[in-house]
Structure formats: C-alpha cells, structure tokens
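Report on one structure; see the data block that follows.
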Ligand code: SF4
Ligand code: SF4
C-alpha cells in the first residue's frame, strides 16, 4: 500500500499478495528505522540481512500490519513506520494490477 489516499484505502491488495522483505536496520531501534521502526513482533527473521513482514508469505498472504477488509476499507497499522518496500510500491506499476487481480479487483483507471 503506497499511501493513505484513495484508491489504496479501499484496496490493500498489495499488502495481501506479495512477500514483504527488508533489511533489519528498518526494525524498531534500527539505524534506518522510519518513525520508530517496524515492530519486531510483526516480523519474522529470514537471514541475518533480511526480515519479513509476518503473514506476507502465508497462504494466502496477508501482512500482519494490515487492518480491514481488502477491496473495501483497509489501513496499515504501522503506516508511518512501514518498511521501504511499502514506501516504494508504485500504484502505476504492473504489480499493482497483479495484486488487485488476485483479489478480483480491476486495474486502477489510468
Ligand atoms: S494494490 Fe495498488 S491500489 Fe491497491 S493498495 Fe496497493 S498500490 Fe494501492
Ligand atoms: S507494512 Fe503496511 S503497507 Fe506494508 S504490506 Fe504491511 S500493511 Fe501493507
């Protein structure tokens, strides 16, 4: 989810479609934490250089920080502290349309 404005707040598909991996320096207390950093309890360790948002590799995937109902009304509960992959996700990219398709949602209008 890239921002707090529509249409993302009525979607959330990308938060329930892809693994969300990032470097541990973005965790709470880390050297590159945003707004206090990602709470450790919302993540799982992958390697010494990688952590993953809990639930994002589940089947079906859903990030543990996502609140609400995909395709209706959602919010990222750690929005200010969300990790870099979430900050960089681009609603104009094909991945947005792929995530939405997984949830039966049409591509965003161009
Ligand atoms: S899939 Fe696209 S429209 Fe939906 S929340 Fe993510 S960036 Fe926004
Ligand atoms: S941290 Fe927030 S923006 Fe990132 S995948 Fe999870 S719910 Fe979505």
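The table that follows gives values for the structure above.
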| item | result |
| --- | --- |
| Strands (runs of 3 or more DSSP E) wholly inside region 17-110 containing at least 1 residues that are within 16 Å of ligand 1 (Cβ to nearest atom) and farther than 21 Å from residue 7 by Cα | 50-53 |
| Residue 97 vs. criteria within 10 Å of ligand 2 (Cβ to nearest atom), without any contact (Cβ under 8 Å) to a residue 40 or more places away in the chain and more than 20 Å from residue 25 (Cβ to Cβ) | no |
| Count - residues of region 1-16 that are modelled with pLDDT of 95 or more, out of contact with any strand residue (DSSP E or B) (no Cβ under 6 Å at 6 or more places or on another chain) and assigned to a loop (DSSP other than H, G, I, E, B) | 1 |
| Residue list for region 14-35, filter: touching a residue at least 24 places away in the same chain (Cβ under 8 Å) and surrounded by fewer than 13 Cβ atoms within 10 Å (Cβ to Cβ) | 35 |
| Some residue of region 87-103 being on the phi > 0 side of the Ramachandran plot and at pLDDT 95 or above | no |
| Counted residues, region 55-69 - those being at positive phi and surrounded by 17 or more Cβ atoms within 10 Å (Cβ to Cβ) | 1 |
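The values are calculated or read from the model by the stated rules, or taken from the named source; none is laboratory data. Keep in mind that this is a model prediction, so the values were computed, not measured. Positions of Cβ are generated from backbone atoms using ideal geometry, with glycine treated the same way; all protein chains shown enter the neighbour counts.
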